[in-house]
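Working notes, structure below.
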Protein chains: 2
Amino acid sequence: MTTDRLLTPLAAALPASVPFVGPETLERVRGAPFTARLGANESVFGPSPAAVDAMRAAAAEAWKYGDSTSHELRTDLAAHHGVTPEHIVVGEGIDGLLGTLVRLTVAEGTPVVTSAGAYPTFNYHVTGFGGALHTVPYTADHEDPERLVAKAREVGARLVYISNPDNPMGSWHGPATLARMIDALPADALLVLDEAYADFLPEADRLPERADDPRVIRMRTFSKAHGLAGARIGYALGAPGLIAAFERVRNHFGVTRMSQAGARAALADADWLAGVVARVAAARARLAEIAAAEGLTALPSATNFVAIDCGGDGALARRVLEELAARGVFVRMPGVAPLDRCIRVGCGTDADLDAVAAALGPALAAARSA
Amino acid sequence: MTTDRLLTPLAAALPASVPFVGPETLERVRGAPFTARLGANESVFGPSPAAVDAMRAAAAEAWKYGDSTSHELRTDLAAHHGVTPEHIVVGEGIDGLLGTLVRLTVAEGTPVVTSAGAYPTFNYHVTGFGGALHTVPYTADHEDPERLVAKAREVGARLVYISNPDNPMGSWHGPATLARMIDALPADALLVLDEAYADFLPEADRLPERADDPRVIRMRTFSKAHGLAGARIGYALGAPGLIAAFERVRNHFGVTRMSQAGARAALADADWLAGVVARVAAARARLAEIAAAEGLTALPSATNFVAIDCGGDGALARRVLEELAARGVFVRMPGVAPLDRCIRVGCGTDADLDAVAAALGPALAAARSA
């Protein structure tokens with residue numbers, strides 16, 4: 001019996017490639033740790049000390065399964081967002097929640113629309129459940145709501161994905177644009193609004209809650225501004241009927257006790273969050289200066305990373321990325337032209353950014369001479 | 001647009017019921033915490049202090065995603081089991097790994113065989129992916145390898161599930177029986193050997209590693225003897241071709257940084273594990289005495305729980321369970337006759353077992369008089 005004989009036809013046909021190779025794996029391949037870990041859009045400023053304390057306290061209780069309903073966290077989140085706990089499902093990060101959502105809504109051949117170069121893990125899930133992925137280009141480094149909606153109408157999409165602010169470009173749309181997009185969706189389509197970076201949006205650019213709107217599901221995470229990527233916890237906000245459907249298939253005891261405790265404490269520490277957002281804004285400004293000093297352009301960003309246009313094609317940017325890695329600076333880059341003229345650099349500590357400042361010039365020179 | 005219109009036909013047809021209601025939910029319903037939390041087969045003796053320390057240390061690094069390959073833990077596990085890291089995939093507990101395995105192997109209508117009354121979460125995943133679940137009865141409170149294999153041949157099963165030791169009855173089979181079962185499997189079937197409780201098996205009753213045997217995948221967890229249920233981390237041991245297939249669909253960054261660190265430390269602390277196993281054995285003996293004092297029979301168990309035959313039908317055992325809960329003692333029970341003549345009581349601390357001893361007589365009396 002070969003493995004492929006054991007697999008479903010769908011599983012047998014799936015590629016073995018993974019959406020992201022982790023930094024630890026890259027470090028093992030290069031044989032040394034990175035000096036600056038700026039490629040995974042993590043928050044180098046860390047979680048709230050209160051969140052660390054809460055996780056440490058919960059560690060002693062680790063023999064108990066985490067609450068399968070994340071009741072206390074959902075109650076806190078409901079108060080925070082002005083909705084009810086029935087509008088919220090907690091899961092193993094947005095990645096896990098996207099997988100569950102796709103499983104619920106996408107069968108083999110179901111049309112799904114996203115932007116070419118947008119979040120690869122969403123595509124991984126759609127492909128993994130046999131969906132038919134349709135893409136539209138970015139427009140001026142922004143995901144394009146009009147193109148997305150037009151494609152959704154054309155192919156009869158069940159899901160339409162957009163991230164706001166966008167990963168990997170850092171660009172964003174204001175609430176009026178998103179509201180128009182929701183209103184323009186075909187009747188059978190659901191907007192998957194990935195708001196992993198929403199905590200970094202200027203207040204005026206935030207889309208108000210749409211608690212009972214069945215046309216949109218919003219994905220949030222503690223992995224970015226809250227600095228809890230390693231705790232793997234996120235949540236989806238949506239109409240109760242859709243949220244309830246997650247109960248039919250999700251891994252009910254999949255979120256750890258420590259993560260639930262850490263997330264509650266992080267949510268309660270608004271001052272820490274504000275401090276992180278301010279430090280991220282300062283780091284973005286410095287990254288723009290570092291880029292400018294080398295004659296490069298940093299794109300505007302409402303996230304904790306900055307896309308820096310390397311001024312050439314994807315091959316040049318790839319070489320810059322590799323030369324930065326060789327100098328101990330881990331960054332990533334978009335996978336699709338013309339976005340891939342850029343590298344994507346995380347908002348680091350001062351020491352991280354010093355490392356970027358020192359490495360970028362030599363990396364550029366080496367990349368250009370290759 | 002209704003939610004059901006958004007769902008796949010399979011998802012729309014799934015029941016909203018969940019395999020297990022968590023103890024926190026039950027406590028909220030009853031309005032008070034349980035005195036003795038003995039229903040979820042958790043390890044009240046807790047994790048190794050070294051594991052708690054490791055998780056606490058990792059909490060400060062929670063801003064970093066956990067290693068998506070769990071490389072260090074897989075390396076440790078490979079050494080522990082005498083296999084290679086390519087024989088191992090780490091996931092969000094056995095529940096998560098079972099879900100991924102079923103997704104890889106079960107399409108709509110795929111036949112799957114298990115025992116009536118065996119692990120509900122396995123059934124949940126099979127149903128969730130549209131598989132056709134076929135069951136055979138237990139024989140004398142043991143899952144019955146011959147019946148399972150015969151049914152697998154009859155229906156052309158892709159997966160055959162058995163837990164050893166068994167949950168919920170605590171019974172077990174020796175290695176010769178399991179080896180015969182594997183040899184008797186139909187050519188296209190995979191044995192899903194759930195070994196969540198294997199750490200409690202007498203040494204002589206353990207099935208040796210079958211590292212490259214493509215006919216069996218073994219599921220292990222840190223949730224039971226290692227006392228890390230709240231960290232949600234387990235692993236599957238299998239032939240590398242099958243293990244590699246998990247990469248095609250799993251949530252790559254789904255296991256937390258703290259959990260990986262805690263699991264490594266727990267695995268290294270063999271003394272703690274031996275101490276837990278000894279305390280569990282003592283608790284099983286005391287539970288048998290407590291049952292006998294009320295004229296009831298405790299079934300033999302190689303797990304951290306004991307099935308106690310309440311001497312009547314499922315309705316009587318259900319009333320005993322409810323009367324115990326009313327007295328602050330949380331236990332569970334099998335869901336299918338004739339297994340459901342029993343309640344399933346976890347191996348508690350001395351204080352937990354004192355609570356059981358105090359509550360069982362009155363609970364029985366109340367149940368019998370209802």
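The values are calculated or read from the model by the stated rules, or taken from the named source; none is laboratory data. The structure displayed is predicted, hence computed values, not measured ones. Ideal geometry is used to build each Cβ from the backbone, glycine not excepted, and the neighbour counts take in all protein chains shown. These area figures cover heavy atoms from the full protein model, side chains too; ligands, DNA and RNA do not enter into them. Shrake-Rupley method; radii C 1.70, N 1.55, O 1.52, S 1.80 Å.
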### Task
Go through the residues of region B:186-207 one by one and say whether even a single one is modelled with pLDDT under 95, open to solvent by 40 Å² or more (accessible area, probe 1.4 Å) and within 14 Å of chain A (Cβ to nearest Cβ).
yes
### Summary
With the first residue restricted to region A:263-277 and required to be closer than 17 Å to A:Asn304 by Cβ and assigned by TED's automatic domain parsing to the domain that holds A:His80, and the second required to be of a type outside the set (Phe, Trp, Tyr) and open to solvent by 60 Å² or more (accessible area, probe 1.4 Å), Cβ contacts under 6 Å at 6 or more apart or on different chains are none
### Query
Considering region A:305-328 alone, what residues qualify as being closer than 22 Å to A:Pro33 by Cβ, open to solvent by less than 20 Å² (accessible area, probe 1.4 Å) and out of contact with any Ser or Thr (no Cβ under 6 Å at 6 or more places or on another chain)?
A:Phe305, A:Val320, A:Leu324
### Summary
Per the list (1) within 28 Å of B:Asp144 (Cβ to Cβ); (2) within 14 Å of another protein chain (Cβ to nearest Cβ), residue check on B:Val113 breaks on (2)
### Query
Do you know which residues across region A:209-223 are closer than 30 Å to A:Val52 by Cα, of a type in the set (A, V, I, L, M, F, W, C) and in a loop (DSSP other than H, G, I, E, B)?
A:Phe222
### Message
Checking the condition open to solvent by 60 Å² or more (accessible area, probe 1.4 Å), assigned to a helix (DSSP H, G or I) and over 18 Å from B:Ser301 (Cβ atoms), which residue from B:Ala359, B:Ala351, B:Ala355, B:Ala337 passes?
### Response
B:Ala351
### Task
May I ask you to say which residue of B:Thr114, B:Thr127 is open to solvent by 10 Å² or more (accessible area, probe 1.4 Å) and either at pLDDT 95 or above or among the aromatic types (Phe, Trp, Tyr) (or both)?
B:Thr127
### Query
Is one or more of the residues making up region B:254-267 hydrophobic (A, V, I, L, M, F, W, C) and surrounded by fewer than 18 Cβ atoms within 10 Å (Cβ to Cβ)?
no
## Note on the structure
When (1) part of a helix (DSSP H, G or I); (2) at the interface with chain B (Cβ under 9 Å from one of its Cβ atoms); (3) in contact with a helix residue (DSSP H, G or I) (Cβ under 8 Å, 6 or more places away or on another chain); (4) closer than 24 Å to B:Asn251 by Cα are applied to A:Gly96, the one that fails is (3)
### Residues within region A:278-304 that are surrounded by fewer than 17 Cβ atoms within 10 Å (Cβ to Cβ) and under 30 Å from A:Ala57 (Cβ atoms), tallied
1
### Task
Could you please find all residues in region B:48-95 being closer than 20 Å to A:Ala16 by Cβ and touching a Gly at 6+ places or on another chain (Cβ under 7 Å)?
B:Asp67, B:Ser68, B:Thr69, B:His87, B:Gly91
#### Entry: Test for B:Ala365: is it out of contact with any Pro (no Cβ under 6 Å at 6 or more places or on another chain) and either of a type in the set (Val, Ile, Thr) or under 18 Å from B:Phe305 (Cα atoms) (or both)
no
#### Entry: Cβ pairs under 8 Å, 6+ apart, first in region B:20-34 and closer than 17 Å to B:Leu324 by Cβ and within 11 Å of chain A (Cβ to nearest Cβ), second open to solvent by 70 Å² or more (accessible area, probe 1.4 Å) and outside any helix (DSSP H, G or I)
B:Glu27/B:Pro33
### Query
Across region B:8-31, what is the total count of residues that are farther than 26 Å from A:Leu101 by Cα and open to solvent by less than 30 Å² (accessible area, probe 1.4 Å)?
1
### Task
Output the residues belonging to region A:35-58 that are over 15 Å from B:Glu61 (Cα atoms) and either within 9 Å of another protein chain (Cβ to nearest Cβ) or open to solvent by 30 Å² or more (accessible area, probe 1.4 Å) (or both).
A:Thr35, A:Ala57, A:Ala58
### Query
Condition test on B:Cys342, is it touching a strand residue (DSSP E or B) at 6+ places or on another chain (Cβ under 9 Å) and either of a type in the set (S, T, N, Q) or more than 23 Å from B:Ser115 (Cα to Cα) (or both)?
no
### Message
Could you tell me how many of the residues in region A:318-334 are farther than 17 Å from A:Asp141 by Cα, touching a Gly at 6+ places or on another chain (Cβ under 9 Å) and part of a loop (DSSP other than H, G, I, E, B)?
### Response
1
### Summary
In region B:222-236, anything open to solvent by less than 10 Å² (accessible area, probe 1.4 Å) and more than 7 Å from chain A (Cβ to nearest Cβ) is listed as B:Phe222, B:Ser223, B:Ala225, B:Ile233, B:Gly234, B:Ala236
### Query
Under the condition of being hydroxyl-bearing (Ser, Thr, Tyr) and open to solvent by 50 Å² or more (accessible area, probe 1.4 Å), which residue from region A:59-86 is nearest to the other protein chains (Cβ to nearest Cβ)?
A:Thr75
## Note on the structure
Flagged pairs (Cβ under 6 angstrom, 6 or more apart or on separate chains; first in region A:143-164, without any contact (Cβ under 8 Å) to a residue 60 or more places away in the chain; second among the small types (Gly, Ala, Ser)) are A:Glu143/A:Ser115; A:Val149/A:Ala184; A:Ala152/A:Ala189; A:Ala157/A:Ala189; A:Val160/A:Ala152; A:Val160/A:Ala189
### Task
Would you mind stating whether B:Pro15 is farther than 30 Å from A:Val112 by Cβ and within 9 Å of chain A (Cβ to nearest Cβ)?
no
